[in-house]
Amino acid sequence: MNPKIKIKTSDISVFYKDFQALHGINMDIQEHKVTALIGPSGCGKSTFLRSINRLNELIAGTVIRGQIYIDASPVYCKEMDVVALRKQVGMVFQKPSVFPMSIYENVAYGPRIHGIKNREQLDEIVENSLKAANLWGEVGERLNAPAAGLSGGQQQRLVIARVLAVEPQVILMDEPASALDPISTARLEELIGELKKNYTIVIVTHNMQQAARISDYTGFFLNGELVEFSATNELFVNPRDQRTEDYITGRFG
Amino acid sequence: MNNRTQEITVGTMDAAKLLAIRSFTRKNSTLGFNRDKLVETILMLNAAIFILAIAAISLFILIRGLPLIFKVGITDFLLQLEWNPTAGSFGIGTMLAGTLAVTLTALLWAVPMGLATSIFMVELAPPRIGTLMGSLVELLAGIPSVVYGFFGLIVIIPFIRNYLGGSGLSVLAGAIVLGVMILPTIINISRDAIAAVPLDYKVGSLALGASHYQSIRRVILPAARSGIITAIILGMGRAIGETMAVVMVTGNSTIIPHSILSPTRTMTSNIVLEMGYASGDHQAALFATGVVLFIFIVILNLVVNLTLKAGKNYGAN
Ligand SMILES: Nc1ncnc2c1ncn2[C@@H]1O[C@H](COP(=O)(O)OP(=O)(O)OP(=O)(O)O)[C@@H](O)[C@H]1O
Ligand SMILES: [Mg+2]
């Protein structure tokens with residue numbers, strides 16, 4: 001299979017007012033692969049993720065320089081429809097934030113706002129998304145129960161189902177397992193392994209073993225710079241940069 | 001008094017003197033009595049007096065009003081349209097209709113406007129404008145009701161008379177004045193409810209490709225639902241209970257209002273208009289009107305408690 005570049009970032013810098021959080025990041029993210037981003041707290045991983053779906057713009061005083069290409073078309077340009085972009089690039093946050101509605105309504109939310117009204121079609125999307133997120137077996141019988149009543153791990157999978165329901169091509173995950181117990185984490189990792197057949201996944205994680213287990217490529221960020229970016233095996237077994245080695249062997253951070 | 005002067009001068013004193021005072025007060029308190037105990041007793045006494053006062057007032061209203069309601073019959077008292085207390089007919093049907101007409105008409109415009117204002121303040125306005133509007137709302141809440149009534153009398157009534165017809169003294173005039181008066185309640189409570197919706201919901205919705213407007217309508221407002229319902233009900237309670245401004249602008253005739261330009265009398269107006277000269281059964285009938293108001297408010301408060309509880313169970317605020 002020919003590797004295809006799904007997302008290409010070209011010299012992306014992000015400023016929060018006077019503070020520069022990212023310094024000219026260049027990264028090629030392969031389609032249908034899992035790319036992990038690691039690095040100490042505050043090094044700009046979340047900022048990088050948010051610049052891909054233009055969520056940084058919600059923060060007042062943010063300036064972004066450089067360009068990001070998805071399927072070779074630029075993300076930062078006047079013609080870009082942010083709604084279409086965010087439909088194409090889904091995001092899962094650190095804290096599972098299910099909406100205060102039923103399980104069904106949570107998953108149907110995205111399709112509804114994108115104009116799908118037909119009940120049967122929605123039913124089908126909800127079922128398929130929940131199945132794809134490995135949650136159908138647990139909640140299929142109580143779709144009308146409030147989503148807030150689910151466990152943390154179930155909520156995180158519900159959020160993933162909610163993202164899948166809008167049929168994105170890319171899924172950004174910002175420390176999706178940080179609030180989960182080991183069993184839920186294992187299930188989530190398994191799910192990511194399945195999802196990468198159909199989606200391109202970029203995942204931020206603080207857990208080095210997790211990055212090593214689930215990802216094909218890994219990027220190491222430090223102080224807003226991308227220190228090293230290569231195939232996961234290579235980066236963990238044979239880091240090129242001394243700082244990468246220090247970090248993955250736990251010498252700092 | 002003594003303690004007060006000590007507190008004030010502490011700032012200019014050196015540490016040694018401060019310590020001396022501290023040990024002195026402590027010694028003083030162990031000598032006479034236990035200060036904590038005293039404070040506790042005072043607080044408890046306060047609470048007890050408060051509860052007793054409420055119970056006494058409620059009981060008094062019920063004792064003075066209920067017998068007449070039973071004498072006339074509950075349905076007759078509530079639904080009879082004939083109010084002629086000196087001739088022995090006690091039906092508050094017209095006033096019940098008047099209260100409902102004025103209150104509901106006021107809610108009809110004040111709820112959408114209040115809700116829109118609070119959404120604007122939280123979601124759209126730049127922080128400085130939001131704060132400024134907050135102060136304006138506080139100002140609105142601080143104006144005495146007689147001033148609103150006066151404004152209605154001088155500005156709104158001639159306007160209605162000249163442009164819409166009738167005498168101007170009307171349900172509409174009452175609803176306009178009342179609506180303005182309940183706006184602060186509606187705005188403040190719904191604004192707090194909207195502001196309390198976790199930012200995660202909004203970001204989560206935007207990240208799914210929703211527009212800001214869609215996020216407000218489909219996630220933020222539903223999440224703030226129980227707070228918004230509370231705002232509406234408390235506004236309604238305030239509208240039902242308001243008296244002064246309403247008496248001044250509604251004309252106070254005891255007829256069923258057939259249009260929003262008809263004059264009308266509310267239950268509260270009825271009490272304030274006739275209490276000066278009422279005696280015997282007539283006075284009892286005014287208390288009975290008070291009982292009906294009282295029950296209205298109790299029911300509204302119960303509804304508020306239920307919505308808040310239901311909201312909590314659903315994971316919304
Ligand atoms: N809204 C903001 N306003 C100002 N500075 C911000 C903002 N968000 C992030 N920063 C700063 O930008 C830098 C990068 O933050 P970011 O959240 O991207 O780091 P991170 O790598 O995701 O950290 P963590 O692992 O703790 O989540 C940090 O120094 C942070 O303080
Ligand atoms: Mg982060």
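Okay, here's what the table says:
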quantity	calculated
GNM top mover of B:Leu45, B:Leu79, B:Leu153 - chain B, alpha-carbon springs below 10 Å	B:Leu45
Theoretical ellipticity at 222 nm over chain A - DSSP helices of four or more residues, -39500 (n - 2.57) apiece, nearest 500	-10000 deg cm²/dmol
Scattering curve values for the stretch B:103-156, log₁₀ I(q)/I(0), Debye with Cα scatterers, q = 0.30 Å⁻¹	-1.08
Helix runs (DSSP H) in chain B reaching 18 Å along axis by Cα, Kyte-Doolittle at least 0.5	B:35-72, B:93-119, B:127-142, B:171-195, B:225-241, B:280-313
The stretch A:5-248 - Debye-derived log10 I(q)/I(0), Cα point model, q = 0.07, 0.15 Å⁻¹	-0.23, -1.05
Averaged over A:137-148, number of beta-carbon atoms from partner chains that fall within 10 Å	1
Peptide A:88-101, shielding by other chains (average Cβ, 10 Å cutoff)	5
Rotationally averaged projected area of the protein assembly as shown (alpha carbon convex hull; nm²)	41.1 nm²
Dipole magnitude (debye, nearest 20) for the protein assembly as shown, charges at Cβ of Lys, Arg, Asp, Glu	840 debye
Relative contact order (%) - criterion: Cα under 8 Å, at least six apart; region: chain B	24 percent
Chymotrypsin sites (Phe, Trp or Tyr not before Pro) restricted to the stretch B:194-285 and DSSP loop, no more than 10 other C-beta within 10 Å	B:Tyr277
A:Asp28-A:Val83 pseudo-label distance in nm [points 7 Å out on the Cα-to-Cβ vector]	3.5 nm
Mean shadow area of the stretch B:66-311 over all directions, Cα convex hull, nm²	15.3 nm²
The stretch B:136-152-the stretch B:253-268 distance, computed between alpha-carbon centres (Å)	23 Å
Fraction in percent of alpha-carbon pairs per bin - 5 Å, the stretch A:3-87	3, 14, 25, 27, 19, 9, 2, 0
Cα centroid separation - the stretch B:38-107 against the stretch A:16-64, whole Å	64 Å
Built amide H within the under 5 Å cut-off of A:Ile203, gap 5+	A:Thr35, A:Ala36, A:Leu37, A:Met173
Whole-angstrom gap from the stretch B:281-304 to the stretch A:80-128, using each part's C-alpha centre	48 Å
In Å, descending, principal axis extents of the Cα set of the stretch A:21-62	33, 22, 16
Helix runs (DSSP H) in chain A reaching 15 Å along axis by Cα, Kyte-Doolittle at least -0.5	A:103-113, A:152-164, A:182-195
Dipole magnitude (debye, nearest 20) for the stretch B:66-311, charges at Cβ of Lys, Arg, Asp, Glu	580 debye
Neighbour cut-off at most 10 other Cβ (10 Å), DSSP loop, trypsin sites (Lys or Arg not before Pro), the stretch A:164-253	A:Lys197, A:Arg251
Highest-MSF residue in chain B out of B:Leu78, B:Leu43, B:Leu136 [GNM, Cα springs under 10 Å]	B:Leu43
Cα gyration tensor of the stretch A:116-214 - equivalent ellipsoid semi-axes, whole Å, descending	24, 16, 10
Shielding of A:107-114 by partner chains, average beta-carbon count, 10 Å	4
Contact order relative to length of the stretch A:5-248, as percent, for alpha carbon pairs under 8 angstrom and 6 or more apart	28 percent
Translational diffusion coefficient (Stokes-Einstein; Kirkwood radius from C-alpha pairs) of the stretch A:81-122 at 4 °C, 1.567 mPa s, in µm²/s	110 µm²/s
Volume per residue that the Cα convex hull of the stretch A:73-173 spans, once the total is divided by residue count, Å³	105 Å³
Selected from A:Arg112, A:Arg54, A:Arg86 as most flexible by GNM, with chain A as the system and alpha-carbon contacts under 10 Å	A:Arg112
Percent RCO, i.e. relative contact order, over the stretch A:19-128, from Cα pairs under 8 Å lying at least 6 residues apart	15 percent
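Read the figures in this text as sums done on the coordinates, not as results from a lab. All figures in this text were calculated on a predicted structure; none of them were measured in a lab. Positions of Cβ are generated from backbone atoms using ideal geometry, with glycine treated the same way; all protein chains shown enter the neighbour counts.
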